[in-house]
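The values are calculated or read from the model by the stated rules, or taken from the named source; none is laboratory data. In this text, all values refer to a predicted model and were calculated from it rather than measured experimentally. Every residue, glycine as well, gets a Cβ built from its backbone with ideal geometry; the counts of neighbours run over all protein chains shown. For accessibility, only protein heavy atoms count, side chains too; no ligands or nucleic acids. Shrake-Rupley method; radii C 1.70, N 1.55, O 1.52, S 1.80 Å.
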Amino acid sequence: MPAAAAATTARYDIDGFLKIIGDVPVTTDVQRVRLRSRDYFWYSPVLNKQLHGKSADVVATPRNEADVIRVAAACAKLRIPLTPRGAATGNYGQAVPLEGGVLLDLTNMTAIEWQKPGVIRCEPGLKMNDLDAASRPNGFELRMHPSTKRMATIGGFVGGGSGGIGSVNYGGLREPGNILAARVVTLEETPRVMELRTDAAQKVNRAYGTTGIITALEMPLAPAWPWIDVIVAFDDFFDAMQFGYDVALADGIVKKLLTPMMWPIPQHFNALKAHCPEGKHVIFCMIAEQSVESFKAVLGARGTITFEQPHDDSAGKEPLYEYTWNHTTLQWLKQDRSITYLQCLFPHDRLLESVKQMIEMFPDEVLPHTEFIRFAGKVTCSALPIVRYTTEERLNEIIALHEKNGVFIANPHVVTLEDGTRHKSTGADQLGMKAEADPYGLLNPGKMRTYKPVKS
Ligand SMILES: Cc1cc2nc3c(=O)[nH]c(=O)nc-3n(C[C@H](O)[C@H](O)[C@H](O)COP(=O)(O)OP(=O)(O)OC[C@H]3O[C@@H](n4cnc5c(N)ncnc54)[C@H](O)[C@@H]3O)c2cc1C
């Protein structure tokens, strides 16, 4: 559809917007705009209904920060909503423009500004796999990444993610030191550019792009080891849990991933069927090559290694991590759309008891898939259990029962920041930043429900 035709159907002055932004690349083709306005919210039967048909009016694809500033200024002047977007792999409709307007696709901003030992500074649209490919020759890689590393951008991870592979060592993105700095453009008639360093960078972490547009990130790195992907099978799920816990606590064993999963979850791992024996519970691991011998010594006769291969996440390969974190849910959804999932955080001081309690409370309804992580320095598990979905009411009941029993839930079936956190509120730092960076309430509107625009 030509630009002019799109503009006449829109709620906003898109023609005026296109004039102001000049040669910034845009797409107004309705089909393409609609497609790009979706993310992976369909994992949630609740959001799948709620977000159906939501779309931007135009997609702008900046080439650099100067383009971002032009788009932000035009949106502020014409009061058009703007939603930043990376690869749109988020699960809660984070990148879905609820009120239309401009979708700001940052995937063309991929430059690496510089690298030093243990640090990289880059633009937000850089895919995490490309970031690692650039830093590995220097002996470093990202401290943590989501299981969507091969598709997702570093800006989208900071804007909408929380942690993942590597969090067993470093915790989540929220832990001090895991984001060194973020450069941010505000949504004002004359946009300002701010450098948020150390703690201040948390103002844009998992804020769904509501508190500013990230145009550069400085990320800390970890040593890049030759990793070995390993699967171990167990007769008893709690043997897998106990073994994972032992390895997580063994600081001398260098690891990046420890993911216990209860049978029948592995039944849905088609390509790995030969390595996931019928009826057995498994743990999927990434272990540094030099630690594999010690890993096996800790295992002893408790379980059987069914898979052991050098890790490779280059094109055409399938790394083990694409069966962990929220890829576990995806592997099941590929065969059966009737299930969904939750995001849990178990208490570190009664981890195994708490996991057991939840299994007993929801037999065959909530199937455990746990992820060993560090949280504020303590070893515990987050979890993305598979839930056999019946109704929204039952889903909310399951969530309430987890919370009542001390298991925190970050609800993946809601679109607002407040309802999706385990604290049920927006951090004061993010609310304050919103007032500074987005006085008109135009950045990804509908996602921070407690914010009242300070200007109209
Ligand atoms: C199969 C599967 C597995 C997943 N596993 C994990 C996991 O292990 N850990 C995890 O944390 N997440 C996980 N996710 C969620 C998601 O893939 C990651 O968080 C990913 O890093 C998001 O990156 P993206 O480029 O796709 O961001 P998008 O989805 O495009 O954006 C995410 C949010 O960030 C905002 N944003 C994007 N770019 C910017 C910017 N430049 N400035 C400001 N805001 C911005 C967007 O508005 C949006 O709100 C998973 C999702 C799927 C589908």
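Can you give me the number of residues within segment 159-176 that are in contact with a Gly (Cβ under 9 Å, 6 or more places away or on another chain) and either within 11 Å of the ligand (Cβ to nearest atom) or open to solvent by 10 Å² or more (accessible area, probe 1.4 Å) (or both)?
Count: 11.
Can we say Ala111 is more than 12 Å from the ligand (Cβ to nearest atom), surrounded by 23 or more Cβ atoms within 10 Å (Cβ to Cβ) and of a type in the set (Gly, Ala, Ser)? Walk me through it before giving the result.
Working: more than 12 Å from the ligand (Cβ to nearest atom): yes; surrounded by 23 or more Cβ atoms within 10 Å (Cβ to Cβ): no; of a type in the set (Gly, Ala, Ser): yes.
No, not satisfied.
Restricting attention to segment 287-301, which residues are of a type in the set (A, V, I, L, M, F, W, C), closer than 23 Å to Asp236 by Cβ and out of contact with any helix residue (DSSP H, G or I) (no Cβ under 7 Å at 6 or more places or on another chain)?
Within segment 287-301, Ala297, Ala301 qualify.
Return yes when Asp229 is modelled with pLDDT of 95 or more, open to solvent by 10 Å² or more (accessible area, probe 1.4 Å) and either under 30 Å from Gly279 (Cα atoms) or away from the ligand (no atom under 13 Å from the Cβ) (or both) and no when it is not.
Here the answer is no, as Asp229 does not meet what is asked.
Here is a yes/no grid of residues against (1) outside any loop (DSSP other than H, G, I, E, B); (2) within 14 Å of the ligand (Cβ to nearest atom); (3) acidic (Asp, Glu):
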{"residue": "Ile179", "(1), (2), (3)": "no, yes, no"}
{"residue": "Arg183", "(1), (2), (3)": "yes, yes, no"}
{"residue": "Glu188", "(1), (2), (3)": "no, no, yes"}
{"residue": "Pro191", "(1), (2), (3)": "no, yes, no"}
{"residue": "Ala201", "(1), (2), (3)": "yes, yes, no"}
{"residue": "Thr210", "(1), (2), (3)": "no, yes, no"}
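Could you tell me how many of the residues in segment 428-439 are farther than 10 Å from Leu82 by Cβ and open to solvent by less than 30 Å² (accessible area, probe 1.4 Å)? Steps first, answer last, please.
As a first pass, look at segment 428-439 and keep what is farther than 10 Å from Leu82 by Cβ: 428-437, 439.
So of that shortlist, the ones also open to solvent by less than 30 Å² (accessible area, probe 1.4 Å) come out as 430, 433-434, 437, 439.
Number of matching residues: 5.
Could you pull out the residue among Glu218, Glu188 that is of a type in the set (Asp, Glu), buried (at least 18 other Cβ atoms within 10 Å of the Cβ), over 24 Å from the mean Cα position of the chain (by Cα) and farther than 20 Å from Ile386 by Cα?
On inspection, the qualifying residue turns out to be Glu188.
Any idea which of (1) open to solvent by 40 Å² or more (accessible area, probe 1.4 Å); (2) more than 9 Å from the ligand (Cβ to nearest atom) is the one Met151 doesn't satisfy?
Result: Met151 fails condition (2) only.
From Thr306, Thr328, which residue is out of contact with any Phe, Trp or Tyr (no Cβ under 6 Å at 6 or more places or on another chain), polar (S, T, N, Q) and either modelled with pLDDT under 95 or within 16 Å of the ligand (Cβ to nearest atom) (or both)? Give the steps one after another, and end with the answer.
Working: Thr306 fails: either modelled with pLDDT under 95 or within 16 Å of the ligand (Cβ to nearest atom) (or both).
Criteria check complete, one pass: Thr328.
Anything in segment 138-148 that is hydrophobic (A, V, I, L, M, F, W, C) and surrounded by fewer than 23 Cβ atoms within 10 Å (Cβ to Cβ)? List them, or say none.
Phe140
Mind checking which pairs have a first residue in segment 80-99 that is near the ligand (Cβ under 8 Å from one of its atoms) and a second that is among the polar types (S, T, N, Q) and open to solvent by 10 Å² or more (accessible area, probe 1.4 Å), Cβ under 7 Å, 6 or more apart or different chains?
Gly86/Thr107; Ala87/Thr107; Thr89/Thr148; Asn91/Asn326
Being of a type in the set (A, V, I, L, M, F, W, C) and open to solvent by 20 Å² or more (accessible area, probe 1.4 Å) is the filter here; which residues of segment 440-456 pass it? Outline the logic, then answer.
Taking segment 440-456 and keeping what is of a type in the set (A, V, I, L, M, F, W, C), we get 442-443, 448, 454.
The one that is of a type in the set (A, V, I, L, M, F, W, C) and open to solvent by 20 Å² or more (accessible area, probe 1.4 Å): Val454.
Every residue in segment 18-54 that is among the hydroxyl-bearing types (Ser, Thr, Tyr) and open to solvent by 20 Å² or more (accessible area, probe 1.4 Å), please.
Tyr40
Would you mention how many residues in segment 385-397 are open to solvent by 10 Å² or more (accessible area, probe 1.4 Å) and either part of a loop (DSSP other than H, G, I, E, B) or of a type in the set (Phe, Trp, Tyr) (or both)?
So the count comes out to 3.
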